[in-house]
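Here the structure comes first, spelled out in structure tokens, and everything after it is commentary.
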Amino acid sequence: MSGEALLELAAVGVTYGHGATAVEALRGVDLALRAGEVTLLLGPSGSGKTTLLQVMGCMLRPSSGAVRLHGQSLAGRSLEELTRLRLRHFGFVFQHYNLFPTLKAWENVGIALDLKAVPREDIEAEATRLLAQLGIGELAGRFPSELSGGQKQRVAIARALAGAPRILLADEPTAALDGRTGQEVVRVMQALAHQRDCALLIVSHDPRVEEFADRVLHLEDGRLARRSRAEDAPCA
Ligand SMILES: Nc1ncnc2c1ncn2[C@@H]1O[C@H](COP(=O)(O)OP(=O)(O)OP(=O)(O)O)[C@@H](O)[C@H]1O
Ligand SMILES: [Mg+2]
């Protein structure tokens with residue numbers, strides 16, 4: 001069922017600080033994100049979820065272990081190269097949307113399109129098309145303050161899709177939304193991941209996210225403790 005591995009982590013460790021105050025945030029993490037697969041990452045506060053997301057998104061170099069993006073090792077890449085790879089291959093969705101309040105919905109998406117080198121004259125149409133895919137095309141001219149939480153998160157998801165990245169990373173995307181709105185937002189993300197053959201990783205404490213995940217991973221004290229039902233099953 002699962003597609004090609006777009007991102008692979010092997011024996012990844014992250015230690016913050018040195019000596020007596022060092023914190024081992026990740027220990028020996030092995031993990032692959034595959035095309036078309038929705039992964040839910042669960043774990044208590046402080047277990048290393050955000051750290052893992054940062055390593056996956058090329059924002060943090062691991063202290064040990066290896067990361068491969070589309071089969072290519074990231075070892076020894078400069079920060080400029082990592083930034084370029086991040087822009088090209090990833091879309092990010094955050095808990096607090098991170099929209100620019102003084103820009104209209106389509107302009108918020110447009111900034112990401114501009115960063116991804118979409119020609120200026122195509123940006124408004126492309127941004128509006130992405131917003132329409134999220135079901136909010138008619139809200140393209142509104143400012144974030146004129147949108148509901150769920151609508152703001154849809155703008156943020158449209159922005160994450162700019163440049164058609166194959167890997168989508170979402171840190172607590174439903175945390176600021178009420179239950180039903182959160183569920184709708186995850187449903188939309190799941191459908192997009194399946195349609196576009198993207199790997200989608202969602203960090204969440206929200207039990208309602210679970211029904212949209214193809215597999216569930218648990219992080220505890222920096223280790224991946226338990227795998228999904230599917231991977232546990234002998235014949236899966
Ligand atoms: N920049 C940093 N410097 C030092 N320690 C850090 C840093 N970032 C995180 N940590 C520590 O690393 C561990 C993992 O933190 P992380 O933020 O990855 O956890 P989390 O699972 O995302 O938690 P939460 O659910 O609260 O967001 C924690 O013990 C945290 O205090
Ligand atoms: Mg976190």
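Quick notes on this one:
- Of residues in segment 141-164 being out of contact with any Lys or Arg (no Cβ under 6 Å at 6 or more places or on another chain), more than 25 Å from SER47 (Cβ to Cβ) and among the small types (Gly, Ala, Ser), the one nearest to ligand 1 (Cβ to nearest atom): GLY149
- Any hit, segment 30-48, residues being in contact (Cβ under 8 Å) with a residue 40 or more places away in the chain, surrounded by fewer than 16 Cβ atoms within 10 Å (Cβ to Cβ) and over 22 Å from PHE212 (Cα atoms): yes
- Hey, VAL12 within 15 Å of ligand 1 (Cβ to nearest atom) and more than 22 Å from ARG159 (Cβ to Cβ) or not: yes
- For segment 59-74, the condition holds for no residue, the condition being that it is assigned to a helix (DSSP H, G or I) and either buried (at least 20 other Cβ atoms within 10 Å of the Cβ) or within 12 Å of ligand 1 (Cβ to nearest atom) (or both).
- Checking each residue in segment 91-104 for being out of contact with any Gly (no Cβ under 6 Å at 6 or more places or on another chain) and over 24 Å from ILE167 (Cβ atoms) picks out PRO101, THR102, LEU103.
- Being within 18 Å of the chain's Cα centre (by Cα) and in a helix (DSSP H, G or I) is a property that ALA156 has.
- Any chance LEU26 is touching a residue at least 40 places away in the same chain (Cβ under 8 Å), more than 9 Å from ligand 1 (Cβ to nearest atom) and part of a strand (DSSP E or B): no
- For segment 165-197, the set of residues classified as in contact with a helix residue (DSSP H, G or I) (Cβ under 7 Å, 6 or more places away or on another chain), more than 12 Å from VAL93 (Cα to Cα), outside any helix (DSSP H, G or I) and away from ligand 1 (no atom under 16 Å from the Cβ) consists of PRO165, ARG166, LEU177, listed by residue number.
Quick note: the coordinates plus some simple rules give every number you see, no bench work behind them. What you are looking at is a predicted structure, and each value in this text was computed from that prediction instead of being measured. All Cβ positions, even for glycine, are placed from backbone atoms using ideal geometry, and neighbour counts span all protein chains on display.
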